[in-house]
Structures are given as C-alpha cells and as structure tokens.
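The structure appears right after this line, and notes come after that.
Any read-out appearing in this document is the output of simple, stated calculations on the displayed coordinates, not a laboratory observation. Remember, it's a predicted structure, so these values are computed and weren't measured experimentally. Virtual Cβ from ideal backbone geometry, glycine too; neighbours counted across all protein chains shown.
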Ligand code: HEA
Ligand code: HEA
Ligand code: CUA
Ligand SMILES: [Cu+2]
C-alpha cells in the first residue's frame, strides 16, 4: 500500500471520529443546559447511579485502551500472535464493560428508573431529564462499544493473513475514541453527586 | 512500550484521584478537568496524535472547538435569559 | 418620504411608538439591498454587451484584467462590513428597546392555546381573542402557552414574541392610533395555526377606562389571595413580613433576592412564575429546597393572579 | 474551431462497460454522479409538484382544494424533499462526483466503494422519507420544532429516520471528498492551483462531516421522544423547547451553506470560462469559501431572535451573521471583476449567471436584513423569510444548478442543446421566478405569516401574482427538461471543449473514457490561463 493511501485511510478515520464526536456533542449540550437549569435535581439523581459500577467500568475501559495500544505495538513489530492475544483482551474487556452496564440498567429498571421516569425522584423536577439523558448517552455509547468490538474482531482476524498493521491501528484509534467518550460520561453521571 | 505503560499508570492514577476527590466533595469542575487531562493523554499517546500528520491533528482540534462552540453558545443563552 | 416608502413596501399602518423608527431602518436596509443588487446586475449586463465575443471582428475591445489585490480586497470587505455593522448597531439598539418594557406599563397576562388567545387584566377582567388597550400608554404582556409554541404577532405594532409552554415571555408596545389590529399566530402550531387570530383594539384612554369599568370582576390580586389560600401556599409563606418555612411575600415583588448560588435576581413576574413552576431552579439563599413544583397544578391564570397578589403586597 | 472531436466510436464511460449490472454496481465516480443527478432531479420534480399545489391552494384566502392539515403536510414535505433530498445532495453529489476527480487529475475518488454505498444509502433514506407519505406524512414543518413535533400524531418517527439515513449518506460523501482532495491531487495541481469548484466542494464537505451528525442527533431525539414520550423537550418534565431549536439550527444554518457553496463553486468556474478571463481574485474566493464554511458555524442563533433567547445571544448571533455575510460579498465582487474586460461567450450558462448574481445578491442582502435584529422581529416567520430563502435557494442555487447543467452538459453527454430553446426557458424561469417571489417580500412586509393555509383577504392579490409566477417558472423548468432530453438523444456533437475553457475537467475527451484520460496528463498551465488567449486554441488532452 502506498504511503499516500495509508494517509488517506488515517484521514478518513479521523474524519469519521470527528463526525461521531459531534453526534455525541448534541447530547452533551443538552446535559450541560439541563444541568444548569436543574442543578439540584441533577445532583440528587446522580447519587442514584451505582458508583462502584461506574468506577469499575472506567477502569475496564482504560485497561482495554491500554491493551489496544499494546496490540498495535506488537502488530507493528510483526509479532502477530501476541498482537492477536492483546486484541482478544480488548474484546473481553468490552464484553465485561457491557455486562456491568447491562447490570446497572437492570438495577435501575427494577427501581423504576427508566427513560423519562425517575423512580423515587419522580417528584423532583428535572430528575427524569437526568435519567433520560443517562440512558440516551450511555446507550449511544454502548452501541459504539459494540461497533468497536466488531471492528477489533475484524482487524484481529485480518492479522492472520495480512501483516500490515494499518487495519488494527485504525481500529485502535476508534476504540480509544470510544474510551474518551466514557472518560467524560463517568464524571457527568457518577461523580457529580 | 514504556510510553504506553507510563500513560496507562497515569490514567489509572488520575481516575482514582478523580474518584477520591469527588467522594471528598470537591466541586464538579475538578473531575471534569481531570477527565479533560485523561482525554488529552489518550489522544496524544494512545491515538498517536503526537506522531500524526497535521491533517488528523487539525481535524481533532476543529472537532473539539466545534463541540465547545455548540455547548458554549447554548449555555450562554440558558444562563442569561 | 416615509409615506412613499411605506406604501411602496406595502407596510401596515405604523400604529405603535416603535413602528416609525423601525420602518426607517427598514427603508435604509432594503434600499441598500435593492441598489446593490441592481448595480451588480447592471455591471454584468454592461460587461456582456461591451465585452461580448465578436468572433473574428476587429472591434473586439482589448483584453483588460481587473485584479483585486489584497489591499483592494480589504477595502471592499471592510467597506461592506462597515455598512452591515451600521445596520447591526441601529438594529440592536432598537431590539433592546423592544425587549425592555418601561416601568409602570399596564400589565396584561396572555395565555395562548391551540388555537386561541386569552388574556386577563390585573383587575380580573378576562377576554378571549380581542384584547383592548388604551392608546398612548405602554402595555406589557406576560405570556405563556398551555400546549405548544405559539407566537404573538401584531404587524401594525412591529412586535412579535414566541409564547412558550412552561415559561413566561414578555412583549410590550405603546399603541398610538386607535383602531383594530390583527393578532396573527406566527409560530406553526398545528391544524388551526392559520386561524389562530385575534385583535388588539386600541381605544382612547377614556373609552378604555369606561370599558374596563363595565367589566367588574374580582380583581386579579383578590383572586390570587383566594388561590394562595386554597392551594396551601400560606402554610409556608406569610404575608406580614416574617419568614416562615418559606420567605415572606410582603415586599418581595421588585426586591433583589439573594440566591443560594451567590447570585441574585430581581423578583419580577418571570422570576415569581418560575419559582412556582420550578422552585429548585433558583433557590433563595438561607432556605431549604422544600417547596414542591406547581407545574401543571396551577393554571396559567391562577399563577398570574398569585403574581398580582404578591405584587399588591408592597 | 480546432478542437479534436473524439471519434464517435471511442469508448466513453456511458458505454463501457455495458449492461444494467455494470451501472448498478459501478465504482466509476462519473456514473455515480449521473445516477445522483437523475435521482435528485426526480426529487426536484416531486418537490416542485408539491410547491405548485401549495401555490394553487394559496390563490384563495380559504381554499377548498385541500384542508388545513393536508396543506400543512404539503409544505412540510415540500421543504423536506427540496432541502434534504434535492438541494443538499444535488450539486455536491451529482456534479461534485462527476467533476472533482477530473479537476484534480485523478482517476476516481479515494473510496469508490464508499461512494457507491453513499448513493444507495441516499436512495434508502429518500424512499423511507417519501414512503412516510403513505403513512399519512408529517405536519411539523421542515424544522420539527418541539413540543409540537413530539406530540403530533403524524409519522414523525419515520420521516426522522429517513432524514437520518440521508444524513449518513451526506457524511459519507463529504468524508470521501475531503480525503480525495487531500490525497489524490495530481502532483502539479497544488493547493494554490486547485480549481475553485473543488475548493467549494472542500468547504461543503467540512460542513457535511461536522454539522450533519448534530442534525441526525436532534431528529433521532425527536423521533425517540415521539414514540416513548420521554419529555426531553416537554416543560411539564422540566424540559426546554428552545434547546431543540439550538440543536436544529446548529446544523441547519451551516446546511444553508451546504446548499449555496457548491452553487458558488459552479459560478466561479463558469464565469472565467465564459468570460475567457482569469478570476480577478482567486485567493479572495478561496478565503471566502473557507470563511463561509467555518464562520458559518457561528450564526445559528439568528433563527431564534424572537424564540425566547437571551438578548445577549441575539446581539452576538446578529453580529456574527453580519460578519459571515461579508465573505459572500467578496465572492460577488470577484465575479464582477472577472466579467470585466474578457471576451464573453453569450450563451445559456452566462445568462443564468446574470440571473444568479442579481437574485443571489438581493436574496443575500435580504438575509442581512433579517439578521438585523429589530427588523427580524417584524419579519420572522412571515413570507419575507420565505422570499429570502427562495431568492437564495431557487434564485441562487437552483439557477446555478441550471447554469451548471447548461455549462457541463456537453462535457457529460458530448452533445449540445438548442441555444434558442435554452434562452426561452431561461427567460421563463427568471421571469417566473421574479413574479413568484417578489410579491412574497411584500406579503411579508404587510404581515402575512408563513405556514398559513388560510389568510385575511387583504393579502389575496399578491398571492395570486405569486401563483401565476410559479406556474410560469414550472413551465420553464419543464421546457428545459424537454429540450435537454432531446439534445441528449439527438443533439449535435459538441466536441471536446465547446466553450474553449482552460479548466482541467475539459482536458479529457467529452464524454470522458472510463478511466478519465486517454493519455498521461501534464498540467503545466493552470485552470484559468486565459492571459494570452486572444485567438483561443483548444487545449484538449495534452498528451505527454
Ligand atoms: C442556501 C440557503 C441560504 C443562504 C445562503 C442564506 C444566507 C443568509 N441568511 Fe438565510 N435562510 C435560509 C437559507 C439561506 N440563507 C433558510 C432556508 C431560512 C429559513 C429557515 C426556516 O425558518 O424555515 C433562512 C432564514 C434566515 C434567517 C432567519 C429569519 C427568520 O426566520 O426570522 C436569517 C436571520 O438572520 C438569515 C440570514 C442570512 C444571512 C445573513 C445570510 C448571508 O449568508 C447572506 C450573504 C450574502 C450577501 C450579503 C449577498 C452579497 C452581498 C453583496 C454583493 C453586498 C455588497 C454590499 C454592500 C457594498 C453594502 N436567514
Ligand atoms: C431547496 C429548496 C426549495 C426549492 C427549490 C423550493 C421551490 C419552490 N417553493 Fe419552496 N420551500 C422550501 C424550499 C424550497 N422551495 C422550504 C425549506 C420551505 C419551508 C417549509 C416549511 O415551512 O416547513 C418552503 C416553503 C414554500 C412556501 C411557503 C409555504 C407556507 O409557508 O405556507 C411556498 C409558497 O409559495 C413555496 C413555494 C415554492 C415554489 C413555487 C417553488 C418553485 O421554485 C418550484 C419550481 C419547480 C418546479 C415547478 C418543478 C419543476 C418541474 C419539473 C422539473 C417537472 C418535470 C417533471 C417530470 C418531467 C417528471 N415554498
Ligand atoms: Cu398558534 Cu400558530
Ligand atoms: Cu441561518
């Protein structure tokens, strides 16, 4: 592959990420505005989120990003077997993240906290907005985690016949982006109690 | 490889610090500041912006600016009306 | 001059105190637009005649090239920007005036719903679709909607303001010519949007006073007193100046209220209404977040009546 | 004329390879451009048909042709079809696809398969959007303002889905162009020699990639809310309807520049080619393109001056709108300068340019007028605004689209249309346009709100004029369809470069062969090298 072609792929992936970032930005904008309009409600509501799950998931994604970076590192050295191992780690961590996320959603749903519904905080104006945004933002993020895992699996598969590390590198950039989004979701939904 | 490990450790330390600070009742902007620092570290090292061509770097900066623009422009309205 | 442009541009009567000056700006802006467009057209048309390809004929004028050097470019852009900025300066000054109701204006509470306009006067008179106002006196509308967004538009006064559910928006005007002027809903609001029309009827002060007197109803403030008692506001609020669970209402209106965030606000109609509908949005310093929201429990006229009541406690 | 005419038997992209399958699965940017052209033109016809029904209804103050809710659906779908299915993709995806690779000396775009995919994604989105009509359609206006859009009982979710899908296609196209322009330029076509149309597509693509996702999000949120009643914009739950407007306009103001930048790009190519003159300020046009693309993101709030936005934001967005308008003025000055002193070929393209400049300048200045805060209080949501945007979108962009068709028709088909018919159609379109939309400015002045099915009788005379104009305009467009189809089938051969343009795209045969060039190319003169062109000779296909 020509250097020019590599450059083309890198630019394309970065553009796609910029576009995705703006997709999320709309929800971040709603969060920021509603938080400034209903700061007490958002405080109270954030306390309902399960903080150990949030913390664990943060660590999981940070670790997965690290694993991704290591996988790329080995792919470049030509040690494709090692790279595949680390990439598998990324996928496993992604699954773990989703499992915790799903568990937390189920806890919420049991407590009557659903999109548009605020459980015990039903009377507090603005609390249901918090939870709607919580579901929309973590839901959209979860979709990106799933997409990211599929990409990683695909790139991992490619390394079997192709020793070009480009695919895994590009997929890695995307995966890190998914991590960055979570880095912001975590304080917004768990830490601002 | 060393870079990667150092970054990872730094990320974990920052995350822990953020968690401790918030349970100690620090204001919300501290954890957002830390989040920004983490995002920067991930972008610079893991996403390899440090070695990237100007084009990806420019794209990243422009995207961040536009996000700030959307949130800023609206927030100004919400606060001032 | 005003007459000529006014008729040429098919503008409605200038029936409010602001209309004349807004129209003057209108003439300047549209006049500039027209002249610039015409000049560009003429330029190209002349070029197309003078420099048309004459084939082999020797009459072809020599090739010339206008180069817009950076210096010329800056001059052109700067000149254009200066014109636009001038529009902005005058326009924004007028806009701020349009958005700042004068003190002591007569207040009318307006409620929009699909697809009609209702209004209540401070003395309790309520009307539908036909809002009467005295000529020469500033009128201050406090508007809210019961369903979707509407927009209160009186072309003859050159005023318009969207009317939102869950929020109070304001608009003011001083009618200058007696007459009947259309209120047209200017924000799309469903099947009846184009029929959501009303009238502002501007009458001389005497006629207006006579009309109002003919409609005696319990005043808004009196209604407010009753509603406040019925809804249990007075369990937490006093009207004698002593704080209870909540702050007292005496002297509240127009005062500067310290907030828990350290900021402060002036307790005007919008703040008071917001405090009923969304009490936790702006917490008064020194009080707990105790008050429930009355969104959906108080109707818009009831909220307006309580505001009037609090206002009467000065 | 010394232009070498390609042999009729030479292979062109039209015929090689043959077969329906080869078209449907093509990776050739030219074929994809042509398919986009026909699809978007079909959308123009449908949207135009809706417009004519609207105009017919508005002839009388209380029409019995349709009822109020049908009328509301008609203007909603008119706006949606025209904006999202016709105008946003029309010039970038049809002409952009066809021309950009030819103008940068490439054989294709960077990602041909992505390009084809974007076309099919567009088709799916368009079909979903249009099929929503079968499910009753939507009646929200193309702006989908909450809380009306979340509470109406019409097919909001389906249309939101359709537009979302079209948006994905738009992002794919923009991304593809950005990468193509960055990585596939022929070595000697440097940034400073990039044709102005390519610059325009570049600016457009930036907006497509960065603004479209926000539109997608806002429609997704409305669609979801409409189904599950989450109350995200419902004041009852503490929601704020004005925030939806912020989201919507953050895309939709930049989107108006998606709709005008490519049109300006086409004009920037046609003017030098028709006047045989170097642009009077290449750099100015490039800077203005970038300025519009970037500063255009700073003005969205000017749609909300009376929406209950803060006074501070109103002043800020008003001022920034004035600022961005200057960039358009810079372009106009550059075109005017270029027209002076050249050797102008009087033919259909330049006639459309003449109309374009007049209508765009007045339409743009009416934009400046509505950006003047105090004036917009009177004009907002009246026919003045309707006239403003039709002046730019129909008088500007649609006119430029027609200019582009007439200019590049010989490039694409290798044939020439009848000039006499073309002038007749031009006169009908321009005259009809002016008659349609000038009265609407006056209606707005007089206080006629938009989206009104019935109206006070005093507005009738102007409405009737407008309707008459619309039918003349429609007739002109149909006429154009007629002679263009005839010319496509049976027109005379045009030669490779009938306009004797120096543009890069004219240096390959017309119509181009599947791989764009028959011989290796050198680009030693730039795309506007008319300086020594007093007895023009063709520059076709400079083989190395
Ligand atoms: C292609 C589409 C397009 C384009 C290019 C524009 C361009 C502009 N628009 Fe327009 N606009 C729309 C499409 C477009 N608009 C649509 C669809 C709506 C309505 C949406 C809805 O509500 O449904 C709208 C509505 C709209 C509004 C809201 C009105 C309202 O709802 O109340 C405003 C307000 O500021 C505005 C402003 C502008 C400005 C300042 C420009 C500027 O960019 C114009 C710049 C151009 C020029 C200024 C011309 C060139 C100038 C010269 C040659 C000047 C020389 C001058 C001197 C020397 C003095 N537009
Ligand atoms: C790109 C955009 C675009 C274009 C090109 C047009 C074109 C036209 N528009 Fe439209 N319009 C909008 C975008 C556009 N419009 C938008 C965004 C709105 C706001 C919607 C809302 O409020 O939500 C609007 C609203 C709008 C209204 C206001 C409705 C209201 O507020 O109540 C009116 C009324 O006159 C109108 C009229 C017209 C007319 C007469 C044309 C004419 O120029 C059309 C001319 C074209 C044709 C007549 C088609 C030509 C025919 C063929 C090519 C047929 C050949 C066919 C075959 C051979 C199969 N439009
Ligand atoms: Cu109420 Cu339109
Ligand atoms: Cu705009």
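Inter-chain neighbour count for D:302-308: the average number of beta-carbon atoms from partner chains within 10 Å of each residue's beta-carbon is 6. Maximal additional length on extending the residue C:261-residue C:89 stretch stands at 58.5 nm, based on 0.36 nm per residue less the C-alpha distance. Take every Cα pair under 8 Å whose residues are at least 6 apart in sequence, average their separation, divide by the length of region D:397-544, and the relative contact order is 30 percent. Each stretch of four or more DSSP H residues adds -39500 (n - 2.57); spread over every residue of chain D, this sum gives -21000 deg cm²/dmol at 222 nm.
Modelled this way, with points 7 Å down the Cα-to-C-beta line, the labels at residue D:192 and residue D:481 are 4.8 nm from one another. Modelled spin labels at residue A:59 and residue A:6, positioned 7 Å past Cα toward Cβ, are 3.7 nm from each other.
The share of C-alpha pairs in region D:349-437 whose separation exceeds 16 Å stands at 56 percent. Return the single residue from C:48, C:291, C:203 with maximal mean-square fluctuation; model: Gaussian network over chain C, springs between Cα atoms under 10 Å. Residue with maximal mean-square fluctuation among C:48, C:291, C:203: C:48. Please state the shape class of region D:140-255: rounded when a/c is under 1.5, otherwise prolate if a/b exceeds b/c and oblate if not, all from the C-alpha gyration tensor. It is prolate, given that a/c is not under 1.5 and a/b is the larger ratio. Can you give the angle from 0 to 90° between the axis of helix C:70-98 and the longest principal axis of chain C, with both taken from C-alpha atoms, to the nearest 10? Its long axis makes an angle of about 30 degrees. Ordering C:242, C:69, D:26 from the fewest to the most neighbouring beta carbons within 10 Å gives C:242, C:69, D:26. GNM on chain A, C-alpha springs below 10 Å: top fluctuator among A:175, A:154, A:105? In this elastic network of chain A, the residue with the biggest mean-square fluctuation among A:175, A:154, A:105 is A:154.
Across all C-alpha atoms in region C:108-257, the radius of gyration and Dmax reach 17.4, 51 Å. Based on C-alpha pairs under 8 angstrom that are at least 6 apart in sequence, chain C has a relative contact order of 15 percent. All Cα-Cα separations within region D:28-131 were binned at 5 Å from zero, giving a P(r) of 2, 13, 20, 18, 13, 10, 8, 6, 4, 3, 1, 0, each value a whole percent of the pairs. Taking the fewest neighbouring Cβ atoms within 10 Å as the starting point, the ordered list for A:7, D:378, C:26 is A:7, C:26, D:378. In plain terms, the residue of B:29, D:340, D:335, D:488 with the fewest other Cβ atoms within 10 Å comes first and the most crowded comes last, giving B:29, D:488, D:340, D:335.
Computed from Cα atoms alone, the Kirkwood hydrodynamic radius reported for region D:389-524 is 17.5 Å.
Counting Cα-Cα pairs of region D:440-509 in 5 Å increments starting at 0 gives whole-percent bin shares of 3, 12, 13, 11, 11, 9, 7, 8, 9, 10, 6, 1. Shape analysis of chain A yields a ratio of the Cα radius of gyration to the Kirkwood radius, Rg/Rh, of 1.05. Look at where the Cα atoms of region D:333-359 and of region D:192-215 average out, and the two centres are 24 Å apart. Relative contact order, whole percent, for region D:1-137 stands at 35, derived from Cα pairs under 8 Å and 6 or more residues apart. Overall size of region C:1-135 from C-alpha positions, given as principal axis extents largest first: 86, 34, 30 Å. With bins 20 Å wide beginning at 0, the percent of Cα pairs of the protein assembly as shown falling in each bin runs 11, 39, 35, 13, 1, 0.
Only helical runs count toward this figure. For chain A, summing -39,500 (n - 2.57) over DSSP H runs of n ≥ 4 and dividing by all residues gives -28500 deg cm²/dmol at 222 nm.
Under the simplified labelling scheme, the residue C:245-residue B:75 pair shows an inter-label distance of 3.6 nm, with each label point 7 Å from Cα along Cα→Cβ. Relative to the longest principal axis of the C-alpha atoms of chain D, give the angle of the C-alpha long axis of helix D:112-131, reported between 0 and 90° and rounded to the nearest 10°. Taking Cα atoms only, the helix is inclined about 30 degrees.
Using 0.36 nm per residue of separation minus the Cα-Cα distance, give me the extension gain between residue C:216 and residue C:128 in nm, one decimal.
30.1 nm
Shielding of D:121-130 by partners, i.e. mean partner chain Cβ atoms within 10 Å per residue?
Details: counts 0, 0, 0, 0, 0, 0, 0, 0, 0, 0.
Going residue by residue through D:121-130 and averaging, the value is 0.
Per residue of chain B, the DSSP helices (runs of n ≥ 4 H) give a summed -39500 (n - 2.57) that works out to -27000 deg cm²/dmol at 222 nm. Axis of helix D:399-413 versus longest Cα principal axis of chain D: the two differ by about 30°, to the nearest ten degrees. Build a GNM of chain B with springs between Cα atoms under 10 Å apart, and of B:15, B:60, B:24 the one that fluctuates most is B:24.
Reported to the nearest whole Å, the Cα centre-to-centre distance from region A:116-185 to region D:89-160 is 26.
Counting every alpha-carbon pair across region D:97-191, the share separated by more than 17 Å comes to 59%.
Among beta bridges identified by DSSP and lying wholly in the protein assembly as shown, the antiparallel ones come to about 75 percent.
Viscosity 1.002 mPa s, temperature 20 °C: Stokes-Einstein D of chain B from its Kirkwood Cα radius, in µm² per second?
This corresponds to a translational diffusion coefficient of 145 µm²/s.
Our compactness index for chain D, the C-alpha radius of gyration over the empirical 2.2 N^0.38 Å, is 0.95.
Region A:6-85 and region B:49-81 have Cα centres lying 17 Å from one another. A compact globular protein would have a Cα radius of gyration near 2.2 N^0.38 Å; the ratio found for chain C is 1.39.
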